[in-house]
Every structure is written in C-alpha cells, then in structure tokens.
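Enquirer: Structure provided below as structure tokens; questions to follow.
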Amino acid sequence: MPPMIQNLKDLIESLQASNIRLALHLIEGGGVGFMLLGHLLALKNWYPDEAIQKKSAHLFYANASGSLGRFIAETWSKEYHGEFNEVKVSEQLDRLRGFTEINLGELAWMSLKLRQRGGKFCLENKIGASEHILREIKSGTSLFLSNFELSALPQEIGLFTDLTVLNISGNHFRVLPEEIARLRKLEKIYFVRTPLLPSVVRWLENTFPRIFAEKYYYEANDLKSEEQYLKAYLLFVKSQKMNESAPESWHQAAKCLWAVQRYEAAQAHYLRAHQAYERVLRQKPYQAYYWFAKASILARWQQKKASQAAYRQAVSLNPHYRQHFKEEEDFQAYWQDADFAQV
C-alpha cells in the first residue's frame, strides 16, 4: 500500500473532523479516491457531520463505478438506513461482495468505529486481530456480544481482565474458551438463548460462584412471586451453596417451605438464616436491613419482645423500614399490634 494511502486512512480513522477534512481535501486533489471507497462510503453514511457527509458522498460517487454508485444510491443506503442489528449489518455488508472495487474489511472497520456496529462481520471475517475488534466493541468495563449469532467466542476475550459485565446472549456456540476464567472482576454474565452445554454452565458456576449465586437468587425470587414455592426453594438453596456468606437465601428458602406448610423444615432454615444474620450483625451492627430481617424471623417465632427490639434498631438506622413492615410476611402476626405500631 502506498504510504500516501495509509496516511489518508490514518487521518480518516482518527475520526477527528479536522483530520478528516484534510484527508478529503487531499483525496480531492490527489486522484486516489478510487482506493478509499470504503472509507468514503462510511463517512457518507455514518459520520455525524453534514458537511463531511456531503463532501464524502461527492467524492464517493465521483470515484465509484456507475454500477456501484447506482446500487448504493438506489438500494443499499435506503434498505439499511439506520440499521443496528448485528445480523442485519452483516447482511448489509455482504450485499457489497460483488463489487471488488470496495474494500469490505475497511468499510466494516469504519462501521464499527463510527456507529459501534459491524463487530459480528469483523470477527467472523477476521478483519484484523480479534483483540482489536473486541476492544472496539468494548464499552468501559462492559462487553456486549449479544445477538451476534457467533459460532465461537474468541479466546482473546481473556485479555480484558477489567471486565465487570459480559453479555454473550443470542449466540450459537456451545462451549467457551478457558480464557474466560481470567476475568476475575466479572460481576454479571448473561447467556440467554446461547445453548451452552450443561457441563460448560457447571464450569461457569464453579468459576464465578458469586455471579451465579446472585443470578439464581433473583430467579428464585421471581418464582416465589409467582407462588412456585418448591421450584423457588430449590434455587434459593442452590444460590446459598454458591455464596455461603449471604443469609438471605436461607431466609427466603424458609419462607417458601412455610408457604407450602412444611413447617419443621422451614424452621430449620429460619434458624440457619437467624444465625447468619447474627454473625453479620456482629461485624456490621449499622446495617438496618439485617436488623429488620432478624426481627422478622423472631416475629415468625413469636418472640415479640426480641423482635420488637431488633425492629426498633432497624427503624432507628433507617426509618423507611416502617414502610416495609406490613410488606414482610414474617411479621404478619404483628401487623395490627399496637406496640409495633408505636416503633
């Protein structure tokens, strides 16, 4: 590639308006526009500056063949205007494969840089190193590859050790690269509609137990709200085993068993939750939530004075817990109690 062409590409790919204006000026006077059709088309369609769009359009049509120019003007730009779905964007780019005068890789790369779309096409067609493509897709400490319909996840994902959120939902792969285990800062991982093998899901659970403890806890809460108490109970127990420092799962599991009248088993879970709350409060006595939760268990056991004392402590730390009193089913025996009403 002639150095001048590379310099022009570098100016455009900087995305800085002043650099792009200079590049367009040089292209106009240098007669090399036919070698930069991918960049010109990207600027024409997606650069957020009307003057640059118009100038790029002029240079694109002046240098493109008649058949390419007509296809872009009459079909391509109209059909895919404003398209953001990754599968559709790939289709959009594939429609240009018959026009050899345009570099699809460069167009896809510019699409990714200008509108954060085209990542699927770039990964599948190996438009540069996977690390660079993923870095361009990455936003802060989040990486969203949802609905890319990829057949494989690049192992280079393990290079981004600062990731806290990874979304790989809506893909076709069934296995994951072991390099994911390097992402020790992950707090969320989503893989809805991605058919991971059961063994892979178990590996993820073992690798990121706290993530899955939270995931199963919230899924169990949804089941509990739908009164599917036994299914919820199993998920609460699974969640607790993955994060034994979180007493809430034992507490919610107890409520599920109580709801289906399995009182003896429920009491065992209430006891575990109460003991766990006690341990937390010895370390964090300023946490209103745990005082409130402890008070509710004591209320379930009908230990009124102890429950009232813990409830009073919760309210003194956070008065909003007065509003939650009649929403908590473990307090039901005291919802109309005058002593609790005075706290």
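Enquirer: With surrounded by fewer than 19 Cβ atoms within 10 Å (Cβ to Cβ) and hydrophobic (A, V, I, L, M, F, W, C) as the only criterion, which of Leu317, Leu298 stands out? Steps first, answer last, please.
Expert: Values: Leu298 fails: surrounded by fewer than 19 Cβ atoms within 10 Å (Cβ to Cβ).
Testing whether each residue is surrounded by fewer than 19 Cβ atoms within 10 Å (Cβ to Cβ) and hydrophobic (A, V, I, L, M, F, W, C) leaves just Leu317.
Enquirer: Does at least one position in region 7-30 carry a residue that is more than 34 Å from the chain's Cα centre (by Cα) and in a loop (DSSP other than H, G, I, E, B)?
Expert: No, region 7-30 contains no residue that is more than 34 Å from the chain's Cα centre (by Cα) and in a loop (DSSP other than H, G, I, E, B).
Enquirer: A further question on this structure: Out of Val343, Val280, I need the residue that is surrounded by 15 or more Cβ atoms within 10 Å (Cβ to Cβ), under 33 Å from the mean Cα position of the chain (by Cα) and at pLDDT below 95. Which one? Give the steps one after another, and end with the answer.
Expert: Working: Val343 fails: under 33 Å from the mean Cα position of the chain (by Cα).
Residue meeting the stated conditions: Val280.
Enquirer: Residue check, Val89 against (1) in contact with a Gly (Cβ under 6 Å, 6 or more places away or on another chain); (2) surrounded by fewer than 18 Cβ atoms within 10 Å (Cβ to Cβ), all met but one. Which one?
Expert: Every condition holds for Val89 apart from (2).
Enquirer: Of all residues in region 52-63 being out of contact with any Phe, Trp or Tyr (no Cβ under 8 Å at 6 or more places or on another chain) and not hydroxyl-bearing (Ser, Thr, Tyr), which is surrounded by the fewest Cβ atoms within 10 Å (Cβ to Cβ)?
Expert: Taking region 52-63 as the starting set, the residues that turn out to be out of contact with any Phe, Trp or Tyr (no Cβ under 8 Å at 6 or more places or on another chain) are 52, 54-55, 57-62.
Checking the rest, the ones that are also not hydroxyl-bearing (Ser, Thr, Tyr) come to 52, 54-55, 57-60, 62.
Working: Ile52: 18, Lys54: 11, Lys55: 21, Ala57: 18, His58: 15, Leu59: 21, Phe60: 25, Ala62: 13.
Across region 52-63, the extreme among qualifying residues is Lys54.
Enquirer: So, restricting to helices (runs of 4 or more DSSP H) that lie completely within region 248-343, which ones have at least 2 residues that are over 21 Å from Leu235 (Cβ atoms)? If you could, list the steps in order and put the result at the bottom.
Expert: Numbers: elements: 248-259, 263-283, 288-300, 304-317, 321-324, 338-341.
Fully inside region 248-343 and qualifying: 263-283, 288-300, 304-317, 321-324, 338-341.
Enquirer: To continue, here is another question. May I ask you to list pairs of residues, at least six apart or on different chains, whose Cβ atoms are under 7 Å apart, with the first in region 264-282 being in the same structural domain as Ser245 (by TED's automatic domain parsing) and the second being among the small types (Gly, Ala, Ser) and at pLDDT 95 or above?
Expert: These pairs meet every condition: Ala266/Ala254; His269/Ala253; His269/Ala254; Tyr270/Ala254; Ala273/Ala254; Tyr277/Ala293.
Enquirer: Filter region 89-108 for residues that are free of Cβ contacts under 8 Å to residues at least 60 places away in the same chain and part of a loop (DSSP other than H, G, I, E, B) and give the result.
Expert: Arg95, Leu96, Arg97, Gly98, Phe99, Thr100
Enquirer: Looking at (1) aromatic (Phe, Trp, Tyr); (2) under 26 Å from Lys138 (Cβ atoms); (3) in a helix (DSSP H, G or I), which one does Tyr61 not meet, given that it meets all the others?
Expert: (2) is the only condition that Tyr61 fails.
Enquirer: Related question: Could you list all residues from region 120-131 that are outside any helix (DSSP H, G or I) and crowded, with 17+ Cβ neighbours inside 10 Å?
Expert: Within region 120-131, the subset outside any helix (DSSP H, G or I) is 125-129.
Within region 120-131, just Ile127 meets the criteria.
Enquirer: Sticking with this one: Which residue is nearest to Leu15 (Cα to Cα), if the candidates are limited to region 137-174 and must be touching a strand residue (DSSP E or B) at 6+ places or on another chain (Cβ under 6 Å) and polar (S, T, N, Q)? Let's see the steps before the verdict.
Expert: Step one: of region 137-174, the residues touching a strand residue (DSSP E or B) at 6+ places or on another chain (Cβ under 6 Å) are 142-144, 146, 163, 165-167, 169.
In the following step, the residues that additionally are polar (S, T, N, Q) were identified as 142, 146, 167, 169.
Working: Ser142: 22, Ser146: 26, Asn167: 27, Ser169: 30 Å.
Only one residue fits best here, namely Ser142.
Enquirer: Does Glu214 fit the bill of being in a helix (DSSP H, G or I), of a type outside the set (Ser, Thr, Tyr) and loosely packed, with under 13 Cβ neighbours inside 10 Å?
Expert: Details: in a helix (DSSP H, G or I): yes; of a type outside the set (Ser, Thr, Tyr): yes; loosely packed, with under 13 Cβ neighbours inside 10 Å: no.
The answer is no for Glu214.
Enquirer: Inside region 320-336, can you point out the residues that are surrounded by fewer than 16 Cβ atoms within 10 Å (Cβ to Cβ) and either within 15 Å of Ala273 (Cβ to Cβ) or more than 39 Å from the chain's Cα centre (by Cα) (or both)? Even if it seems obvious, please write down each step before you answer.
Expert: Step one: of region 320-336, the residues surrounded by fewer than 16 Cβ atoms within 10 Å (Cβ to Cβ) are 320, 322-324, 326-327, 329, 332-333, 335-336.
Hits for region 320-336 are Glu329, Ala333, Trp335, Gln336.
Enquirer: Can you give me the number of residues within region 133-181 that are over 16 Å from Val201 (Cβ atoms), of a type in the set (A, V, I, L, M) and part of a loop (DSSP other than H, G, I, E, B)?
Expert: Result for region 133-181: 4.
Enquirer: Still on this structure: Can you name every residue in region 239-275 that is in contact with an Asp or Glu (Cβ under 9 Å, 6 or more places away or on another chain), under 21 Å from Phe208 (Cβ atoms) and surrounded by fewer than 19 Cβ atoms within 10 Å (Cβ to Cβ)?
Expert: Listed by number, the residues that qualify are Asn243, Ala246.
Enquirer: Touching a strand residue (DSSP E or B) at 6+ places or on another chain (Cβ under 9 Å), of a type outside the set (Gly, Ala, Ser) and buried (at least 19 other Cβ atoms within 10 Å of the Cβ), is that true of Leu134? Before you say what the answer is, go through the steps one by one.
Expert: Values: touching a strand residue (DSSP E or B) at 6+ places or on another chain (Cβ under 9 Å): yes; of a type outside the set (Gly, Ala, Ser): yes; buried (at least 19 other Cβ atoms within 10 Å of the Cβ): yes.
It is true that Leu134 is touching a strand residue (DSSP E or B) at 6+ places or on another chain (Cβ under 9 Å), of a type outside the set (Gly, Ala, Ser) and buried (at least 19 other Cβ atoms within 10 Å of the Cβ).
The values are calculated or read from the model by the stated rules, or taken from the named source; none is laboratory data. Source: prediction; values computed, not measured. Ideal geometry is used to build each Cβ from the backbone, glycine not excepted, and the neighbour counts take in all protein chains shown.
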